[in-house]
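A.B. asks: This is the structure I want to talk about, given as structure tokens.
The values are calculated or read from the model by the stated rules, or taken from the named source; none is laboratory data. The structure presented is a predicted model; accordingly, all values stated were derived computationally and were not measured. Cβ atoms come from the backbone with ideal geometry, glycine included; neighbour counts cover every protein chain shown.
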Amino acid sequence: MFERYLSAIRGLLFVTLITAALITVCLHAQRAAVPIDPIDAVLNAFTSHRVVALGEGAHGNNQGHAFVLALIRDQRFPEVVSDIVVEFGNSRYQKLIDRFENGESVPEPELQRVWQDTTQPFATFDLPIYAEFFQAVRAINQGLPKEKRVRVWLGEPPIDWTVIKTREEAAKWLAFRDSHPADVIRREVAKGRRALVLYGGMHFVRKRLEFNFQSTSSRYLTITNRLEDIAPQIRVFTIWTNTYADLEQLQSEVSAWPKPRLVVLRGTPLGAADFTFFYPFDDSRVSERDGKLVPIPKEEWRKLSMEDVFDAMLYVGRPADITYAKESAQLCASQAYLTMRASRLRLAGFTTAADRFAEQCGK
């Protein structure tokens, strides 16, 4: 009798433990990433965040650019967003772009300096898609009353290439590429405004891959770090645009998703994957010691899940289907432009790229 009673107790305890284990597994199980309309998602994000940081994906990709244009042209956009902060513009020309976006006439050679005179010696932002963005905002503002117009902030620090004579003089401006836009955003958000920030995604990571996902000094903080850590009252919703990784390896039904789509990462197979799956350019890592950068042995490299680096992901298609813009034939036919770009590349130490720039322009 006693043994039957003890056996029953043991059975009940076993069932209880199994039930508890199943509940624990269910609570921690990953759910499939659910694709949602990306324009609705971005605009809805502004109900809980003053800043939405949208990574561009690989610079110059047409699919990410098409989404940005669709987003800002949505009739709800100017009702929700007051400011757009962009990587592809030199803040030295802020007054000029303000005039242009408000409908004033600006000569084309002057306007081109906005995106051609950034800190980057390469032709990264000379692609016609970036000029098209400024034209799109101008067209949108022409249909809006003055108080509703969207303001574009040029995020690059105000480098003046006419006085740059050495590689060191050019390089010193790179230290302000994250702090300058972060200062602008903090200042404008403090006025109750909302900002969409358009930059390469690595400017938005919460932990830097190059530093082994460890804390760094303030000079190496990203835009997101400088907002959330220095001004914690500012919440940033960060979005990675995927142009490198085959998401079907993590979730097979991705191939059936409409394009574009957005997914929230937390608790999904995409969110659980290591960040390097989405950014496969991991060839060295360093730590900061006594103000110096010291290489970290590969066996000490850390992993960090994507959901701890970004909040959401924009899906614009399979990597093999992503297409890229190229410089216009008219631009590549300009000897003045070719000379300018080659001289900056050479000044920055990219001699081979400088020598081949004329040959490669437009390709």
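A.B. asks: Between a residue in region 262-277 that is within 18 Å of Trp301 (Cα to Cα) and outside any helix (DSSP H, G or I) and any residue that is modelled with pLDDT of 95 or more and among the hydrophobic types (A, V, I, L, M, F, W, C), which pairs come within a Cβ distance under 7 Å, given they are 6 or more apart or on different chains?
C.D. replies: The qualifying pairs are Ala273/Leu250; Ala273/Met306; Asp274/Leu304.
A.B. asks: Could I ask something else about it? Listed residues Gln30, Gln75; which is at pLDDT below 95 and part of a loop (DSSP other than H, G, I, E, B)? Reasoning before the result, please.
C.D. replies: Details: Gln75 fails: at pLDDT below 95.
After ruling out the rest, the residue left standing is Gln30.
A.B. asks: Next question, about the same structure. If Ser305 satisfies all but one of (1) more than 18 Å from the chain's Cα centre (by Cα); (2) modelled with pLDDT of 95 or more, what's the number of the condition it fails?
C.D. replies: (1)
A.B. asks: Filter region 202-226 down to residues that are aromatic (Phe, Trp, Tyr) and in contact with a strand residue (DSSP E or B) (Cβ under 9 Å, 6 or more places away or on another chain) and give me whichever is surrounded by the most Cβ atoms within 10 Å (Cβ to Cβ).
C.D. replies: By that ranking, first place goes to Phe204.
A.B. asks: When the residues of region 99-115 are narrowed to those that are of a type in the set (D, E, K, R) and more than 26 Å from the chain's Cα centre (by Cα), which ends up farthest from Pro157 (Cα to Cα)?
C.D. replies: Glu104
A.B. asks: Step by step: first the residues of region 174-201, then only those that are of a type in the set (A, V, I, L, M) and crowded, with 17+ Cβ neighbours inside 10 Å, then the one that is modelled with the lowest pLDDT. Which residue is that?
C.D. replies: Quick first cut of region 174-201, residues of a type in the set (A, V, I, L, M) only: 174-175, 182, 184-185, 189-190, 195-198.
Still in the running and crowded, with 17+ Cβ neighbours inside 10 Å: 182, 184-185, 189, 195-198.
Working: Ala182: 96, Val184: 95, Ile185: 95, Val189: 90, Ala195: 97, Leu196: 98, Val197: 98, Leu198: 98.
Residue satisfying both the conditions and the ranking: Val189.
A.B. asks: Being outside any loop (DSSP other than H, G, I, E, B), in contact with a Ser or Thr (Cβ under 8 Å, 6 or more places away or on another chain), touching a residue at least 40 places away in the same chain (Cβ under 8 Å) and of a type outside the set (Asp, Glu): is that true of Thr224 here? Let's see the steps before the verdict.
C.D. replies: Numbers: outside any loop (DSSP other than H, G, I, E, B): yes; in contact with a Ser or Thr (Cβ under 8 Å, 6 or more places away or on another chain): yes; touching a residue at least 40 places away in the same chain (Cβ under 8 Å): yes; of a type outside the set (Asp, Glu): yes.
Yes: the conditions hold for Thr224.
A.B. asks: Does region 279-296 contain at least one residue that is within 16 Å of the chain's Cα centre (by Cα) and touching a residue at least 60 places away in the same chain (Cβ under 8 Å)? Spell out how you get there, then give the answer.
C.D. replies: At the first step, the residues of region 279-296 found to be within 16 Å of the chain's Cα centre (by Cα) are 279-281.
Within this subset, residues satisfying the condition of being touching a residue at least 60 places away in the same chain (Cβ under 8 Å) are 279.
Yes, region 279-296 contains a residue that is within 16 Å of the chain's Cα centre (by Cα) and touching a residue at least 60 places away in the same chain (Cβ under 8 Å).
A.B. asks: Kindly list, by first and then second residue, each pair from a residue in region 304-317 that is among the hydroxyl-bearing types (Ser, Thr, Tyr) to a residue that is in a loop (DSSP other than H, G, I, E, B), limited to pairs with Cβ atoms under 8 Å and residues at least 6 apart or on different chains.
C.D. replies: From residues that are among the hydroxyl-bearing types (Ser, Thr, Tyr), the pairs are Ser305/Ala273; Tyr315/Pro35; Tyr315/Trp257; Tyr315/Lys259; Tyr315/Pro260.
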